[in-house]
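*Asks:* Could you have a look at this structure, given as C-alpha cells, before my questions?
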Amino acid sequence: MDSMTLEQRARAEGSPVIDGETATFVWRGRKPVFVSGDFRDWSGEPVPLKEVAPGLWTHTLKLPRDTYVEYAFQDAKGRRVRDPLNERLVSNGFGDFNHFFHMPESRPTPLAQRQRGVPRGTVTRHMVETNELCVGRQRAVHLYEPPTSKPCPLVVVFDGPDFLRRAKLPTLVDNLIAQGRIRPVALAMVAHGGPARTVEYTCSEATLAFLLDKVLPLARRELRLVDEKREPGAHAVLGASFGGLIALYAGLRAPEVFGHVLSQSGAFSVWNRDFVVFDLARRAPSRPLEVWMDCGHFEALAECNQRILPVLRASGHRAEYREYHGGHNYTAWRDDVWRGLEWLFGPRERARGED
C-alpha cells in the first residue's frame, strides 16, 4: 500500500486502517510512538511504529475478522499519547481512556441499546450494613426488578456499578426478556471495596457471608424472588476477572443457593498459583452447578479457564466455555454476557427444568 494513500485513508476512515484481516496503525510526527493493547494482553514492551516515509510511522497487525481491540499509544518516556486519527475512546477503568476499533465482522451487541417498546425493569440503590464482613461500614447495592409480577431467580453481580453503567446489564436483561430469550431474572449489583477489591474477591469467606447474610435478605425484602429452599440452586452469581473468580467460588461453596455461575475472564490462577477453586472443583459436589465461562482469546487468563473446564466436568458440573476474539475489558464482557445469560436462563434451561 502506498504510504501517501495509507495516510489519506487513515485521515478519511480513521486509524487503524483495516483491510480484511489486517489493521495498520498510522502516526504522523517527528518521533515514533509505541502501541500496546488487547492484542498482546497489555503485557511486554510496547511495540514501536516503524518509519515508512519521512515523519510517517506505521505498524500492522493481523487479526481475526471478528476481533474487538482496545489500545493506547505511548511516547518514548512511556507517557500516553492520544491517537489524533482515532476519535473512538472508551474508559479503561483506571481514570484514563483507551482507543478502540472493530474488525470487519465485529460489532457491538444491539442488546445494550434501549429498544423502543421494550418494558423496562426498575433499578433502585440501597446501602447495606457490612458488619465487618467487608471493608467500610456500608456497601452500595443496586437492585434491578424485571417487568414481571412473577417470582424470579436472582443474579448477584460483582463489580455491580461497572456492570450497571459500563456493561448496560439492566438494558441487556430487559431486551433478552422481551425477546423471550431468557426467563425474567432480578439483579443485585454489588459494589466492590475499592483498594480492598483484590482481597475481597480472591476466595473470601467473609465476602460469601456478606452475600448470604446481607445482600440476599435485602433482595428478598425488595424483590419478588423464587424461594431457593423450594428450588435449590435457583439463583446465580456473575462476575468478571477477580469477580469471575469469586463468582465460581460462591457457587462451589453455596451451591444450594447459587446453582448458576457466569464467570467472564475468571482469574482462577494468578501470581503463578492456582486458587482454591481448583481444589473445590475436584470434589464431588453436593449439588452440581451450571457454569458458563468466557474469556478473550488474547488473555493470559484463557489458560486457566481452559484448564478448569475439564476439572468441573469430571466432577459432574455442567460447564461450558467460550473464547471470543477480544481482550480483558467491559466492552468485550458486555458484548458476550448475553450468551451466558441465555445458556443459564434461556429456553433450554427451562426445558431441562421440565424433564
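The values are calculated or read from the model by the stated rules, or taken from the named source; none is laboratory data. Just so you know, these numbers come straight off a predicted model, no measurement behind them. Neighbour counts run over all protein chains shown; Cβ positions are idealised from the backbone, glycine included. Note: areas computed on protein heavy atoms with side chains; ligands, DNA, RNA excluded. Shrake-Rupley method; radii C 1.70, N 1.55, O 1.52, S 1.80 Å.
*Asks:* Enumerate the pairs (first residue in the stretch 34-59 and touching a residue at least 12 places away in the same chain (Cβ under 8 Å); second residue anywhere and of a type in the set (Asp, Glu) and part of a strand (DSSP E or B)) with beta-carbon separation below 9 Å, excluding pairs fewer than 6 apart on the same chain, so at least 6 apart or on different chains.
*Replies:* Listed by first residue and then by second, the contacts come to Gly37/Glu70; Asp38/Glu70; Trp42/Glu70; Trp57/Glu51; Thr58/Glu51.
*Asks:* Inspect the stretch 239-252 for any residue being of a type outside the set (Lys, Arg) and free of Cβ contacts under 8 Å to residues at least 40 places away in the same chain and give the result as yes or no.
*Replies:* Our first condition is that a residue be of a type outside the set (Lys, Arg); within the stretch 239-252, this holds for 239-252.
From what's left, free of Cβ contacts under 8 Å to residues at least 40 places away in the same chain: 252.
Yes, the stretch 239-252 has at least one match.
*Asks:* In the stretch 240-254, what count of residues is obtained for those that are assigned to a loop (DSSP other than H, G, I, E, B) and either open to solvent by 10 Å² or more (accessible area, probe 1.4 Å) or of a type in the set (S, T, N, Q) (or both)?
*Replies:* Here the count works out to 1.
*Asks:* Of all residues being without any contact (Cβ under 8 Å) to a residue 24 or more places away in the chain and not in a strand (DSSP E or B) in the stretch 261-273, which is least open to solvent (accessible area, probe 1.4 Å)? Just the residue, please.
*Replies:* Trp271
*Asks:* Could you tell me how many of the residues in the stretch 185-198 are open to solvent by 40 Å² or more (accessible area, probe 1.4 Å) and either more than 22 Å from Phe268 (Cβ to Cβ) or without any contact (Cβ under 8 Å) to a residue 12 or more places away in the chain (or both)?
*Replies:* Looking only at that region, the number is 1.
*Asks:* Residues in the stretch 282-299: is at least one in contact with a His (Cβ under 6 Å, 6 or more places away or on another chain), assigned to a helix (DSSP H, G or I) and modelled with pLDDT of 95 or more?
*Replies:* For the stretch 282-299, residues in contact with a His (Cβ under 6 Å, 6 or more places away or on another chain), assigned to a helix (DSSP H, G or I) and modelled with pLDDT of 95 or more: absent.
*Asks:* Quick one: in the stretch 158-184, of everything that is in contact with a strand residue (DSSP E or B) (Cβ under 8 Å, 6 or more places away or on another chain) and within 16 Å of Ala234 (Cβ to Cβ), which residue is least open to solvent (accessible area, probe 1.4 Å)?
*Replies:* Ranking the candidates gives Pro184 first.
*Asks:* On to the next question. Within the stretch 154-197, restricting attention to residues that are of a type in the set (D, E, K, R) and part of a helix (DSSP H, G or I), which residue is farthest from the chain's Cα centre (by Cα)?
*Replies:* This residue is Asp174.
*Asks:* Somewhere in the stretch 310-329, is a residue touching a Ser or Thr at 6+ places or on another chain (Cβ under 7 Å), crowded, with 17+ Cβ neighbours inside 10 Å and over 19 Å from Asp66 (Cβ atoms)?
*Replies:* No, that holds for no residue.
*Asks:* Let me ask something additional. Suppose we filter Val276, Val237, Val257 for residues that are surrounded by fewer than 18 Cβ atoms within 10 Å (Cβ to Cβ) and of a type in the set (Val, Ile, Thr); which single one remains?
*Replies:* Step by step, each of Val276, Val237, Val257 is checked, and only Val276 is surrounded by fewer than 18 Cβ atoms within 10 Å (Cβ to Cβ) and of a type in the set (Val, Ile, Thr).
*Asks:* Here's a follow-up. Within the stretch 201-238, track down each residue that is of a type in the set (Asp, Glu) and assigned to a helix (DSSP H, G or I). I'd like the intermediate steps shown before the answer.
*Replies:* First, the residues of the stretch 201-238 that are of a type in the set (Asp, Glu): 205, 213, 222, 227-228, 231.
Hits for the stretch 201-238 are Glu205, Asp213, Glu222.
*Asks:* Of all residues being touching a residue at least 40 places away in the same chain (Cβ under 8 Å) and within 22 Å of Tyr330 (Cβ to Cβ) in the stretch 119-133, which is least open to solvent (accessible area, probe 1.4 Å)? Just the residue, please.
*Replies:* Gly121
*Asks:* Inside the stretch 52-90, can you point out the residues that are touching a helix residue (DSSP H, G or I) at 6+ places or on another chain (Cβ under 8 Å), within 24 Å of Pro161 (Cβ to Cβ) and open to solvent by 10 Å² or more (accessible area, probe 1.4 Å)?
*Replies:* Scanning the stretch 52-90 gives Tyr68, Val90.
*Asks:* How do the pairs read when you match residues in the stretch 302-315 that are at pLDDT below 95 with residues anywhere that are aliphatic (A, V, I, L, M) and not in a helix (DSSP H, G or I), using Cβ under 7 Å and keeping only pairs 6 or more apart or on different chains?
*Replies:* Pairs that qualify, where the first residue is at pLDDT below 95 and the partner is aliphatic (A, V, I, L, M) and not in a helix (DSSP H, G or I): there are none.
*Asks:* In addition: Among what's in the stretch 91-117 and is farther than 17 Å from Arg334 by Cβ and not in a strand (DSSP E or B), pick the residue that is least open to solvent (accessible area, probe 1.4 Å).
*Replies:* That would be Met103.
*Asks:* Sticking with this one: Just wondering, is there one or more residues in the stretch 2-12 that are open to solvent by 60 Å² or more (accessible area, probe 1.4 Å) and touching a helix residue (DSSP H, G or I) at 6+ places or on another chain (Cβ under 8 Å)?
*Replies:* Looking through the stretch 2-12, none of the residues is open to solvent by 60 Å² or more (accessible area, probe 1.4 Å) and touching a helix residue (DSSP H, G or I) at 6+ places or on another chain (Cβ under 8 Å).
*Asks:* Exactly one condition in (1) open to solvent by less than 10 Å² (accessible area, probe 1.4 Å); (2) more than 25 Å from Arg230 (Cβ to Cβ); (3) in contact with a helix residue (DSSP H, G or I) (Cβ under 8 Å, 6 or more places away or on another chain) is not met by Ala302; state its number.
*Replies:* With respect to (1) open to solvent by less than 10 Å² (accessible area, probe 1.4 Å); (2) more than 25 Å from Arg230 (Cβ to Cβ); (3) in contact with a helix residue (DSSP H, G or I) (Cβ under 8 Å, 6 or more places away or on another chain), Ala302 is out only on (3).
*Asks:* Another question, then. Please specify each residue of the stretch 253-280 satisfying the condition of being over 23 Å from Glu342 (Cβ atoms) and among the aliphatic types (A, V, I, L, M).
*Replies:* Across the stretch 253-280, the qualifying residues are Ala254, Ala267, Val270, Val276, Val277, Leu280.
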